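Peer 1: Shown below is the structure under consideration.
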Amino acid sequence: MTVRELVPDVYWIGAIDWNRRLFDSLIPLPEGTSYNAYLVKGSEKTALIDTVDPTKEFEYVCNLIRLGVEKVDYIIVNHAEQDHSGSLPMAAELFPGASIVVSEKCKDLVVSLLEIAPERCIVVKDRDTLSLGNKTLEFIMAPWVHWPETMLTYLREDKILFPCDLFGSHLATSDLFVNDMTEVFHAAKRYYAEIMMPFRMQIREHMKKIADLEIGMIAPSHGPLYRPPDPILTLYKEWISDEVKNVVVIPYASMHGSTEKMVLHLAGALIDHGITVKPFDLTKTDLGELAASLVDSATIVLGTPTLLFGPHPLVANAAFITNLIRPKAKFATVIGSYGWGGKTVESLKVMLNHLSVEILDPVYVKGAPDSASLRKLEALADRIAGKHREAGILKE
Ligand code: FEO
């Protein structure tokens, strides 16, 4: 489509995917995405940093032709997932003299996933450097953001960090750089929730490692770039911290209205306490929105009817995904109704076993909620408010 110059001799050569609506057959992409890839021309050598999704291979090649690139010495693979490495086999064939620069684990993955010849690979370790003449690439190992092989590449002379997925956003935009953080904030938060949140602790360590770098620009592999990098670094510091907000998230499903009545009654009682409430009817919810709301919420309340002998499958799925993405919530519980019993509450508690939450007493009632049930929900709201006060996130 086009190429863009970041600084002299460093170019964006990626592709914008305006119409993609699903990633990993799971993650909704309401605003599309981009596969950012880069070209760095040194005085002696030329390097590519990552490639693009294989569906955008043609655009990638056109961008290389536009820039008149005839020879490439290195192809840096920060991450082996195919939205960045899927065009690597083509690039390796197009530039047969290029070495493929990878971490040890990444070598294994590009060989097994992409059938790259192992002898084409140069394995780099943490803080290794590669000279392109007047430009130097430094590699920083960053395992588990979000695969085990990931590394970041830092272009020393131009102070540009290429962190691949880290600090990215699924956002198709013609703006190369973030001009107004409010325009990218939600996409970046949602992306963090979906991709990075399970690795909050690892990201803490990686952010300590990059703290000693002088970074003038962050050029991730999805979404717009940051120049200066402070807005996204500040947000990540907040998201990976242990701090939570005075928010209760309530993912729920309701078959005949009883559970929804309970959710709305609880929501009202929580609002009366001054707590922000985010209910999500799972028959209508975009899971990315639910994930984003979990980034900094203090409490999770699952609302479910009993379907046969257990939770409604939509709620079980939400609990499974919540457990996978490991939000830093501090409290959780279950509310809902049943007709003839079952193991709903026990099943959901087990499904949240990766969370470090205190489980509050559930409110699980037979049939439609009567006035006694509604009083129990108000007592639950009191209990949640008390917990939020103790945590210092709800003022008296
Ligand atoms: Fe954007 Fe993990 O790939």
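Peer 1: Based only on Cα atoms, what Rg/Rh ratio does region 94-148 have, Rh being taken as Kirkwood's radius?
Peer 2: Details: Rg = 12.2 Å, Rh = 12.3 Å.
Reported Rg/Rh, Kirkwood definition of Rh: 0.99.
Peer 1: Among the DSSP beta bridges whose two residues both lie in the chain, what percent are antiparallel, rounded to the nearest 5? Numbers along the way, then the final one.
Peer 2: Working: 29 of 62 bridges.
Around 45 percent antiparallel, to the nearest 5.
Peer 1: Any idea what log10 I(q)/I(0) is at q = 0.16, 0.17 Å⁻¹ for region 123-279, Debye with uniform C-alpha scatterers and no solvent?
Peer 2: Log10 I(q)/I(0), no solvent term: -0.93, -1.01.
Peer 1: Sort E157, E149, E104 by accessible area with a 1.4 Å probe, largest first. Let's see the in-between values first.
Peer 2: On the way: E157 85, E149 5, E104 130 Å².
The ordering from most to least exposed comes out as E104, E157, E149.
Peer 1: Might you tell me the accessible area per residue for region 4-239, computed with a 1.4 Å probe and given in Å²?
Peer 2: Roughly 39 Å² per residue, with all protein chains present.
Peer 1: Right, here's the next one. Counting only C-alpha contacts under 8 Å and six or more residues apart, can you give the relative contact order of the chain as a whole percent?
Peer 2: Details: 835 pairs, mean separation 45.3, N = 396.
The normalised contact order for the chain reaches 11 percent.
Peer 1: Here's another thing I want to ask about it. Of the chymotrypsin sites (Phe, Trp or Tyr not before Pro) in region 297-396, which ones lie in a loop per DSSP and count no more than 10 other C-beta atoms within 10 Å?
Peer 2: Of the chymotrypsin sites (Phe, Trp or Tyr not before Pro), the ones in loops of region 297-396 whose Cβ has at most 10 other Cβ atoms within 10 Å are W340.
Peer 1: With everything on Cα atoms, drop me the angle between helix 200-210 and the longest principal axis of the chain, reported from 0 to 90° to the nearest 10.
Peer 2: Between the helix axis and the principal axis of the chain, the angle is about 30 degrees.
Peer 1: For region 277-396, compute the orientation-averaged projected area of the C-alpha convex hull (one quarter of its surface), in nm².
Peer 2: Numbers: hull surface 29.6 nm².
Projected over every direction and averaged, the Cα hull of region 277-396 covers 7.4 nm².
Peer 1: Next question. Please compute P(r) over all alpha-carbon pairs of the chain, binned at 10 Å starting from zero, and give each bin as a whole-number percent.
Peer 2: Calculated P(r), rounded to whole percents: 5, 22, 27, 19, 14, 9, 3, 0.
Peer 1: Measure nothing but the geometry: give the 0 to 90° angle between the long axis through the Cα atoms of 230-240 and the longest principal axis through the Cα atoms of the chain, rounded to 10°.
Peer 2: Between the helix axis and the principal axis of the chain, the angle is about 40 degrees.
Peer 1: With r defined as the distance between the Cβ atoms of E289 and H256 and R0 fixed at 25 Å, what FRET efficiency is calculated, to the nearest 0.05? Don't skip to the end; give the middle numbers.
Peer 2: On the way: r = 25 Å, r/R0 = 1.01.
Rounded to the nearest 0.05, the efficiency is 0.50.
Peer 1: Holding the Cα-Cα limit at 28 Å, pick out from K278/K349; K245/K366; K209/K328 the pairs that are longer than that. Could you put the intermediate results ahead of the total?
Peer 2: Numbers: K278/K349 20 Å; K245/K366 33 Å; K209/K328 23 Å.
Violating the 28 Å Cα-Cα cut-off are K245/K366.
Peer 1: Would you mind checking the tilt of helix 181-191 against the longest principal axis of the Cα atoms of the chain, expressed as 0 to 90 degrees and rounded to 10?
Peer 2: The angle comes out at about 80 degrees.
Peer 1: Determine which residues of region 296-324 fall in the zone a paramagnetic label at W340 would reach in this model, i.e. backbone nitrogen under 12 Å from the point 7 Å along Cα→Cβ.
Peer 2: Correct set: 308-309.
Peer 1: I'd like the distance between the alpha-carbon centres of region 328-394 and region 1-71, rounded to an integer number of Å.
Peer 2: About 47 Å separates the Cα centre of region 328-394 from the one of region 1-71.
Peer 1: Another question, if that's okay. Using a Förster radius of 25 Å, what is the FRET efficiency between E205 and I359 based on their Cβ-Cβ separation? Nearest 0.05, please.
Peer 2: On the way: r = 29 Å, r/R0 = 1.17.
The pair E205/I359 has a calculated efficiency of 0.30.
Peer 1: Taking a virtual spin label 7 Å from the Cα of M90 along the C-beta vector, which residues in region 1-29 bring their backbone nitrogen under 13 Å of it?
Peer 2: Correct set: 1, 14-16.
Peer 1: Measure off, as a whole percent, the carbon and sulfur share of the 1.4 Å-probe accessible area of the chain, all protein chains present.
Peer 2: On the way: 8740 of 16260 Å².
Ligands and nucleic acids excluded, carbon and sulfur reach 54 percent.
Peer 1: Considering only protein heavy atoms, what per residue accessible area in square angstrom results for region 248-390 with a 1.4 angstrom probe? Walk me through the numbers before you get to the answer.
Peer 2: Details: 6020 Å² over 143 residues.
The answer is 42 Å² per residue.
The values are calculated or read from the model by the stated rules, or taken from the named source; none is laboratory data. What you see is a predicted model, and the numbers here were worked out from it, not measured in a lab. Neighbour counts run over all protein chains shown; Cβ positions are idealised from the backbone, glycine included. The accessibility values were calculated without ligands, DNA or RNA, using every heavy atom of the protein model including side chains. Shrake-Rupley method; radii C 1.70, N 1.55, O 1.52, S 1.80 Å.
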